[in-house]
Amino acid sequence: MIRRWSPVLIVALMTTGILSDSGRGQEVVNLRWATWSSAERVITDRQVIEAFQRKFPNIKVKLEVYPGSSNFFDKMNLLIAGGDTPDVAYHFSEWLSDWDRLGIFEDLRPYIARDPDKSVFEREALGTQLFTTREGAQRAMPWIVTSLMVYYNVDLFKKNGVPFPQSTWTWSQFEDIAKKFVKEDQYGALITTTEWDYMIRWIWVPFGGYYVDQNITRCGFDQPGAIAGLGFYERLYQEKVTPPYSYLQSLGDRILWQSGRVAMLVHQQAGILLFMDGAPFEWQIQEIPIATSGKRITRGAAAGNGILAKSAHKTEAWQFLKFISVGDGARILAQDGRGSANRRVLAETVRRIPFSRSLHLSPRSFNSQSQRIYVNSLAYAQPVPTPPNNGQIEKAFAPYWDELRLGTRPASAIAQDMQRACTTLLKK
Amino acid sequence: MIFISPWLLGFSVFWLWPLGYSLYLSFTDYNLAQAAKFVGVANYAHMFFEDFTFWHSLRVTTVLVGLYVPLSVVGSLLLAVLTNREVRGMRTFRAAYFLPSMIPMVAAVMLWLWIFSPRFGLLNFYLRSLGLPTSEWIASPRTVTLSVIIFLLWLSVGGPRMMIFLAGLKDIPVELYEVARIDGAGPLHQFLKVTLPLLSPVLFLNLVIAIIYTFQVFVVAYSLTQGGPLNMTLYYVLYLYRNAFQFLKIGYASAIAWVLFLVILAITAGQFWLSRRWVHFERE
């Protein structure tokens, strides 16, 4: 029976393509790339995809845009929960420990090892370190690496007769300078707001403190350095050096900064795209102040992309990931400040910023000295150890940050509660 | 059976199965990526005996329900009574009151972020203009609940609830009011002795729905206040959401969801039991 029907079966299978080899060369693979984007960025994203598809005509990339970076983590988790995972997705170093625990992203080390162009990947670069787990797995390729620096309003400094900050300054001098600006509806410094809470975690680092130790077995809020860092933050609010919490909450730090009422802004390098575009005053940047240890030290953060472990097209996904991280795509992305996976590309990004299509930064402000400060700021950043349930601990801290800002309790008492909450959650 | 089978299929696939699955998940440790691990009642034990944030979120939600629901239901009822008059231009008034409920909640949140702004907001501008003290609104733990209630009232008082009341009012025979007037009843007596008893089934329906919806309030906490300040708006479903999609504790979040279901079920059952004393159905 089988023998009688087998020729017919073979012909049928060949015509339907199951046994045919003829079309394999033209087989098109459809990739899904999930990322957050804005109206400006999406233009560049599409340019990158077009350039990639010209180079790899057999790979089609579908761009899935999720507005807003802060909620991307939740949105991705919803996709994963629904079994609707993309092939390549945006990743942020703050989420590394949470996603690593679940094995959501591929370890990229084998891909890099197999790649004929492996020399272009910088294993020791900060961005790569920020996406590397304690076990050594690399979960994403960075396209933005950012550290902290101080932006200052030149016009406000001139108006108040305060000398410009020098690169030799300490945090104590930073505080003294900031206090000189305190008057009705004018503030000395703006550290961050709720939207950028992840940037706060550095606040105890300059004072010798830590969030969790290197072995991730102990929280550090009972240590003098952490308490001193929280105290510094508390003083800025209590002495009205920084705008009140209500202003930050309702207006956001960008509007407050651009209103020209704040003398200094401590923010990430990547903030230059958001905060300085269209600022109606002359501004400059300075390196972060020197820590109590005598070194200039801060933390780094990275954004990038990774390959989902559930992707059915991992080889093609790697081609695309490489293209947007270190290939031609990275250079296109540099137009809007991304694609700065390493110092070389970062320097390239900086040169392009004043000429960016979507930005109108003042070339006068962004001179060669600022460019040097901008690039050098990366050197002071270090990866901060984070526990596997980092997201939950961060959320548990939210009311304590509120208390610091509102001044309901002294920093030392809040530190005790933070230590208790952190220790309880760390054990889990 | 044939006629009911499409509904049965939909009910089973989209309602019964997810419900049963979430009940199963509530007894597991499940994090989306790895297989669910059965943990017995551990999630429930943790929730009741160790998780203080769970109790906090239940408390702040109950406070919101206790304050917002009566104001909202009474507000909608009064607005329905006021707009139940045959006055020139009344339809325009009704539409104007209904308008906020048609605005997507997130868009409304954006608007109210500005209205609540202590320095540049509309509310404080009016208060300052009148020489009254201003408020920190959503930025202060003391006034954030009041701010959320104001926002929700603005959004809902003139909305579908008012329309349901209006439909109920239109259904009351005018003869009853005429008889009451002949007997010497004034407007207040007419409202208390005619309107309210005859409207009680509608009032009951609105009350039940309002309590269920308010226990499930989410968008306002997620978008307007992000649960703060000091977790004063960490409402129950926001805490559930955080556990599910931010802490990736799906099993625990399912347990939280089931407790909410039981709380709402108990309150609704209690309302039905109490309704025998004050709700008057026409056929009874």
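The values are calculated or read from the model by the stated rules, or taken from the named source; none is laboratory data. Because the structure is a prediction, the values reported are computed rather than measured. So basically every Cβ, Gly included, is an ideal-geometry build from the backbone, and we count neighbours across all protein chains shown.
Structure summary
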item: Residue list for region B:149-168, filter: in contact with a helix residue (DSSP H, G or I) (Cβ under 6 Å, 6 or more places away or on another chain) and within 21 Å of residue B:120 (Cβ to Cβ); result: B:151, B:154
item: Some residue of region A:94-109 being more than 20 Å from residue A:126 (Cα to Cα), within 11 Å of chain B (Cβ to nearest Cβ) and aliphatic (A, V, I, L, M); result: yes
item: Evaluation of residue B:117 against (1) of a type in the set (Ser, Thr, Tyr); (2) part of a loop (DSSP other than H, G, I, E, B); (3) away from chain A (no Cβ under 14 Å) (one fails), failing number; result: (3)
item: Residue ID - nearest to the other protein chains (Cβ to nearest Cβ), chosen from residues in region B:105-114 that are crowded, with 18+ Cβ neighbours inside 10 Å and more than 18 Å from the chain's Cα centre (by Cα); result: B:113
item: Flag if residue A:167 is under 17 Å from residue A:378 (Cβ atoms), surrounded by fewer than 15 Cβ atoms within 10 Å (Cβ to Cβ) and among the polar types (S, T, N, Q); result: yes
item: Condition check for residue A:237: assigned to a helix (DSSP H, G or I) and within 14 Å of chain B (Cβ to nearest Cβ); result: yes
item: Inter-residue pairs, beta-carbon under 7 Å, first more than 24 Å from residue A:128 (Cα to Cα) and in region A:69-93, second surrounded by 18 or more Cβ atoms within 10 Å (Cβ to Cβ) and of a type in the set (S, T, N, Q), 6+ apart; result: A:79/A:85
item: Selected residue [more than 14 Å from every other protein chain (Cβ to nearest Cβ) and part of a loop (DSSP other than H, G, I, E, B)] from A:227, A:288; result: A:288
item: Verdict on residue B:98 being within 14 Å of another protein chain (Cβ to nearest Cβ), under 23 Å from the mean Cα position of the chain (by Cα) and touching a residue at least 24 places away in the same chain (Cβ under 8 Å); result: no
item: One residue from B:105, B:162, B:110 being of a type in the set (A, V, I, L, M) and farther than 30 Å from residue A:401 by Cα; result: B:162
item: Unmet requirement for residue A:264, which otherwise passes all of (1) crowded, with 19+ Cβ neighbours inside 10 Å; (2) closer than 22 Å to residue A:408 by Cα; result: (2)
item: Conditions (1) farther than 30 Å from residue B:142 by Cα; (2) more than 14 Å from chain A (Cβ to nearest Cβ); number of the one not met by residue B:48; result: (1)
item: Checking residue A:147 against (1) modelled with pLDDT under 80; (2) within 14 Å of the chain's Cα centre (by Cα), the condition it does not meet; result: (1)
item: Helices (runs of 4 or more DSSP H) fully within region B:15-88 counting 1 or more residues that are without any contact (Cβ under 8 Å) to a residue 40 or more places away in the chain, surrounded by 14 or more Cβ atoms within 10 Å (Cβ to Cβ) and touching a strand residue (DSSP E or B) at 6+ places or on another chain (Cβ under 8 Å); result: B:42-49
item: Meets criteria (within 11 Å of chain B (Cβ to nearest Cβ) and polar (S, T, N, Q)) for residue A:70; result: yes
item: Members of region A:29-50 found to be of a type outside the set (Asp, Glu) and in contact with a Ser or Thr (Cβ under 7 Å, 6 or more places away or on another chain), listed by number; result: A:36
item: Failed item in (1) farther than 22 Å from residue A:135 by Cβ; (2) surrounded by 21 or more Cβ atoms within 10 Å (Cβ to Cβ); (3) modelled with pLDDT of 85 or more, with residue A:377 passing the rest; result: (3)
